[in-house]
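Heads up: the structure comes next, in structure tokens.
Nothing in this text is a laboratory measurement; each read-out follows from the coordinates by a stated rule. As the structure is a computational prediction, the values presented were derived from the model and not from experiment. Positions of Cβ are backbone-derived with ideal geometry, glycine not excepted, and every protein chain shown enters the neighbour counts.
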Amino acid sequence: MTRKCVVFFLLLFLAAFCLSGAGCGKKQEQGEESGGEVTEEQVERPADPARTVTMNGRSVMGGWVEHWGYDWEGPVEKGGYFFDYKELDASELDNMSSSFAANVEGLAPGSVVFFKFCFADFSGDNLRDLERVVDSVIETARAKDLRLIIGNSLPVRKQDGSPAQVSEYEKYNAYLERKAAENTRVWVYDFYGVLAGPDGFLKAGYDTGDSHPNGEAYSELDVTFFPLLERVFSE
């Protein structure tokens, strides 16, 4: 092979190598510009007034809706739903049922409502009182043809609780499951399964210092709450 031929083939090889390198660089730039696929979590669907939940509770419920951006002046939007917070009168335990009835007055049949006790309502020796209030709340929802979600026990931190309270938590939760099985328009949301540790008390990592859940706890509640809403509204 002549010297000219060798030089020619060498130049041809170098040109091909440069072109192949330029092609890989272009693909890399396209990948960087695209940023990958947009996930479902990154694009939140717009809220629909037909997906409104009336949230009846007290301080823990107030903290939860604040976690979603509630400014205390109207419903807050989250995950494609509107959430309207209504505070319950807890001056006496029995007032909570009448307070709930007042809060849901005028709602259209089929509306979704949420009811829960606060952790302060569980004393360890008042299970029958709690059950009586729940029975009244269920009857109100039934009479108004509402779809009702009931939150189960909210545990306190260990230093504020007692074995009697843990026993009451478990019995109350079982009672709610029985009531939901008897009523097709009643669902139970499992606060306790998310917030309680193996000892039955509030997990230390979820405590603000006075048994109220912190932001991390609310974020964990969201993980199981929104799928429950999907089931409730689909029915």
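Observations on the structure shown:
- Shown here for segment 46-105: chymotrypsin sites (Phe, Trp or Tyr not before Pro) in loop regions (DSSP other than H, G, I, E, B) with at most 13 other Cβ atoms within 10 Å, namely W72.
- Estimated FRET transfer efficiency (N214, A143; beta-carbon r; R0 41 Å; 0.05): 0.65
- Whether segment 52-234 is rounded, prolate or oblate, judged on the alpha carbon gyration tensor where a/c under 1.5 counts as rounded: oblate
- C-alpha center-to-center spacing [segment 55-119, segment 141-180] in angstrom: 16 Å
- The R231 and R128 beta-carbon pair, evaluated with R₀ = 30 Å, returns a calculated FRET efficiency of approximately 0.50.
- Within segment 102-140: backbone nitrogen closer than 11 Å to the Q159 label point (7 Å, Cα to C-beta): none
- When only the Cβ of Lys, Arg, Asp and Glu is charged (+1, +1, -1, -1), the dipole of segment 52-234 relative to its Cα centre reaches about 500 debye.
- Links that overshoot a 19 Å alpha carbon limit, given the list K86/K116; K144/K179; K86/K171; K116/K179; K158/K203: K86/K171
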